[in-house]
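Let me begin by presenting the structure, written as structure tokens, before commenting on it.
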Amino acid sequence: MKKVLLLIFVSLFSMALFAQESDGAAEKNAGNAAWKAKNFKDAFANFEKYLEIVKYSDAAYLYNTAVAADRIENYLAAEKYFDMAIRKNYKLGDSYFGKAKAQEDLKKEAEMVATLEAGLKAVPGNTKLENTYGNYFLKKGVEAQTAGNISKASEQYGKITALKNKALKTKAYTALGSLHFNNGASILQKATPIANSDKEKYEVEKANALEEFNEALKQANQALAVSPEDADVKQLIADIKNAMK
């Protein structure tokens, strides 16, 4: 009887030792199989188990786990694992992009912008990061302009001009040109009724309008330098010059 008990004990001990020494291959394979079947919930669960076993040392599966988390809309987990992939310097452009999009889905706007800016420093000119960053600030610029906050709009559009993407740079400089042109035209329009009744004040306002037109022309010329064949930019320059006569 003692021998039987001893054999059972040794068997159980061996099984426990094997479990402790598991390399996570079973969990990894199960996750891969679930991924192939587009069962991202199970893929995520198995990938997480695998990462725990290997002490989060597998950069590729940190990234894969983040993607699986994103697919099942577990954005907190996606943010976490994309960040871990970044720390491993794995697929930096895609990892920064994934983290930023997860933060966007979590309504963590300030964090998203910080992630995009960090990503652009790490991977200058990355198309996904530039497009997301540029379109975000174009939207913010339009919102500020619509609200009548000219300085805020100028600040938002100005953030885009440092990007490498020609289309985004052109849009940004054109938006800045249009912003200052419209502001100058508005100043002049409001001052027109006092052109004869209060000439001194009119001249001050006219000078303010001219200052805006000059800034508009400067920004429009920057847009033209980036995109010399852009018809909209050429038309904007013509409109500004006509207003300055």
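A short reminder: the numbers here are calculations on the coordinates, not readings from a lab. None of the values given here were measured: they were computed from a predicted structure. So basically every Cβ, Gly included, is an ideal-geometry build from the backbone, and we count neighbours across all protein chains shown.
Inclusion of GLY184 among residues that are of a type outside the set (Asp, Glu) and either part of a loop (DSSP other than H, G, I, E, B) or closer than 30 Å to ALA118 by Cβ (or both) is not warranted. Taken over the range 43-55, the criterion of being over 29 Å from the mean Cα position of the chain (by Cα) and assigned to a helix (DSSP H, G or I) is satisfied by ASN46, LYS49, TYR50, GLU52, ILE53.
Within the range 74-98, the set of residues being of a type in the set (Lys, Arg) and more than 13 Å from GLU48 (Cβ to Cβ) comprises ARG87, LYS88, LYS91. Considering GLU211, GLU229, GLU215, the condition of being out of contact with any Pro (no Cβ under 8 Å at 6 or more places or on another chain), under 26 Å from VAL142 (Cβ atoms), acidic (Asp, Glu) and part of a loop (DSSP other than H, G, I, E, B) is satisfied by GLU229 alone. Within the range 165-223, being farther than 15 Å from SER151 by Cα, crowded, with 21+ Cβ neighbours inside 10 Å and among the acidic types (Asp, Glu) holds for no residue. Please go through the range 161-181 and give me each residue that is hydrophobic (A, V, I, L, M, F, W, C) and assigned to a helix (DSSP H, G or I), ordered by number. Selection gives ALA162, ALA167, LEU168, ALA172, ALA175, LEU176, LEU179, PHE181. Please note which helices (runs of 4 or more DSSP H) are completely contained in the range 100-160 and include at least 2 residues that are touching a residue at least 24 places away in the same chain (Cβ under 8 Å) and more than 21 Å from GLN219 (Cα to Cα). Because the criterion is at least 2 residues that are touching a residue at least 24 places away in the same chain (Cβ under 8 Å) and more than 21 Å from GLN219 (Cα to Cα), the helices (runs of 4 or more DSSP H) in the range 100-160 that meet it are 109-122, 127-146. Note on the range 184-231: residues that are β-branched (Val, Ile, Thr) and touching a residue at least 40 places away in the same chain (Cβ under 8 Å) amount to 1.
Taken as a whole, the condition of being touching a helix residue (DSSP H, G or I) at 6+ places or on another chain (Cβ under 8 Å) and surrounded by 16 or more Cβ atoms within 10 Å (Cβ to Cβ) does not apply to LEU106.
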